[in-house]
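Novice: Got a structure for you, written out below as structure tokens; questions coming shortly.
The values are calculated or read from the model by the stated rules, or taken from the named source; none is laboratory data. Computed from a prediction, not measured in an experiment: that's the story for all the values here. With ideal geometry, Cβ positions are generated from the backbone for all residues, glycine too; neighbour counts draw on all protein chains shown.
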């Protein structure tokens, strides 16, 4: 039972430093240049900006929708094995997950072109993403064994997990088309550090009454695990190579790993003077995994009844390697294969959308281009010191699209301070209240954002935690 506890602890804690990637606080927060990363078609009024390397665009998200660390490790006098059975084995389902992301910008900057309608941005960021669904049937089999479950099929498709780490090089264009519409596009080159996935699994394991022995075990399997970059990292960690881990990571981050292409798209459209509709589609792309590839598969069907003894003849063959014969029989019926074939992996595509209504006092423009006012002839749209609205977020996941709905309120206190409050409903929480602050001190923009504030009294008992931080230098030019 100790080994089972260790496995469960690893699953709970391994994803903590990395959730669903929803940046609802940052989205359409136009005071912050980093918001361009979640909508390349947002409104901009900067002449140029530059983010502080590594510190700018730092975000960490983590969580589990069904189980917390406190559920298992609270000092409440209950037996640990009873907690595992009650909180995990009995309660969790195959759509419950542990997932997480992290992101940090190594370089992030933007500038307005000679045509004031065009704003260009470029940079490099590192991102990690991981998700693992609860393997319910396999957990029951490991925890209780097959003896109490005669005739029950344990589904192998409960096993779905993927993880990756990439370095992304990007260049984007934000362009005003006319007085109502601003669009944006960003091209991306992915340099993969590692990728691992096992999402296309099917089959079952079942124990029934045997004909020659008491029990017969049947395995029908079509399973696959694909990876690239893991062995090289493992060798560096084990010090089996002369190359250090930092050298391996830096090489794979800067075009020495697997490469891929992607694109981000976005827009902002004024329905009228005060109402805006926005949307974006992010990471529509792929990576071609070719280096340090290791693929494993298990495909076939077999029914075995264990080692068969025929007495008294068995006493004359005691030297036979009966166990080896059994292993060879199973392997011949269900071939286990490994190869190094290259493969495509697709990025977790994300969709954002929002409807915003501005009200209150108009905000004066800060720059010579008067970009945020969108001046065209005698018509113009201004920003206001208050805004309310709703946002939609959808991400593509191994078990299908995963959505979140957000209501928000934005308040601007002059040009020095802006505050955004959000209430988000998703599979992780129905009471997720978030708060984001953007402080402008001269050319320095500092922002801090945090989600699920009601749970900060006991983080170990929280299903979700999110934090974002950034520091940028902004110029609006001279009026």
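Novice: I'd like to know if region 427-447 contains one or more residues that are assigned to a helix (DSSP H, G or I) and at pLDDT below 90.
Specialist: Step one: filter region 427-447 for residues assigned to a helix (DSSP H, G or I), giving none.
No; the residues of region 427-447 include none that is assigned to a helix (DSSP H, G or I) and at pLDDT below 90.
Novice: Then there's this: Just to be sure I understand the filter: pairs with C-beta atoms under 7 Å, separated by 6 or more residues or on different chains, first member in region 242-262 and farther than 18 Å from residue 169 by Cα, second member surrounded by fewer than 16 Cβ atoms within 10 Å (Cβ to Cβ). Which pairs pass?
Specialist: Taking only residues 6 or more apart or on different chains, the pairs are 245/237.
Novice: Just to be sure before I move on: is residue 191 outside any loop (DSSP other than H, G, I, E, B) and in contact with a helix residue (DSSP H, G or I) (Cβ under 7 Å, 6 or more places away or on another chain) in the structure I sent?
Specialist: Details: outside any loop (DSSP other than H, G, I, E, B): yes; in contact with a helix residue (DSSP H, G or I) (Cβ under 7 Å, 6 or more places away or on another chain): yes.
In short, yes.
Novice: So is residue 407 under 24 Å from the mean Cα position of the chain (by Cα) and modelled with pLDDT of 95 or more or not?
Specialist: Yes: the conditions hold for residue 407.
Novice: If you take the residues of region 20-55 that are within 20 Å of the chain's Cα centre (by Cα) and on the phi > 0 side of the Ramachandran plot, which of them is modelled with the highest pLDDT?
Specialist: Filtering first and then ranking leaves 54.
Novice: Given the conditions (1) over 30 Å from residue 440 (Cα atoms); (2) modelled with pLDDT under 70, which single one is not true for residue 91?
Specialist: Failed condition: (2).
Yes/no per residue for (1) closer than 30 Å to residue 273 by Cα; (2) crowded, with 20+ Cβ neighbours inside 10 Å; (3) more than 29 Å from the chain's Cα centre (by Cα):
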{"site": "99", "(1), (2), (3)": "no, yes, no"}
{"site": "119", "(1), (2), (3)": "yes, yes, no"}
{"site": "125", "(1), (2), (3)": "no, yes, no"}
{"site": "131", "(1), (2), (3)": "no, yes, no"}
{"site": "135", "(1), (2), (3)": "no, yes, no"}
{"site": "150", "(1), (2), (3)": "no, no, yes"}
{"site": "194", "(1), (2), (3)": "no, yes, no"}
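Novice: Being surrounded by fewer than 15 Cβ atoms within 10 Å (Cβ to Cβ) and closer than 30 Å to residue 137 by Cα is the requirement here; does residue 231 meet it?
Specialist: Yes: the conditions hold for residue 231.
Novice: Please work out which one of (1) in a strand (DSSP E or B); (2) farther than 20 Å from residue 282 by Cβ; (3) touching a helix residue (DSSP H, G or I) at 6+ places or on another chain (Cβ under 9 Å) is the condition residue 246 fails and give its number.
Specialist: Just one mismatch for residue 246, condition (1).
Novice: What are the residues in region 28-50 that are assigned to a helix (DSSP H, G or I) and surrounded by 24 or more Cβ atoms within 10 Å (Cβ to Cβ), if any?
Specialist: Passing the criteria: 33, 34, 36, 37.
Novice: When you check residue 303 against the structure, is it over 25 Å from residue 38 (Cα atoms), touching a strand residue (DSSP E or B) at 6+ places or on another chain (Cβ under 7 Å), in a loop (DSSP other than H, G, I, E, B) and modelled with pLDDT under 90, yes or no? Write out each step before concluding.
Specialist: Numbers: over 25 Å from residue 38 (Cα atoms): yes; touching a strand residue (DSSP E or B) at 6+ places or on another chain (Cβ under 7 Å): yes; in a loop (DSSP other than H, G, I, E, B): no; modelled with pLDDT under 90: yes.
When the stated conditions are applied, residue 303 does not pass them.
Listed here are the residues, each with its yes/no results for (1) surrounded by 19 or more Cβ atoms within 10 Å (Cβ to Cβ); (2) assigned to a strand (DSSP E or B).
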position	(1), (2)
217	no, yes
220	no, yes
225	no, yes
235	no, no
252	yes, no
264	yes, yes
279	no, yes
283	yes, yes
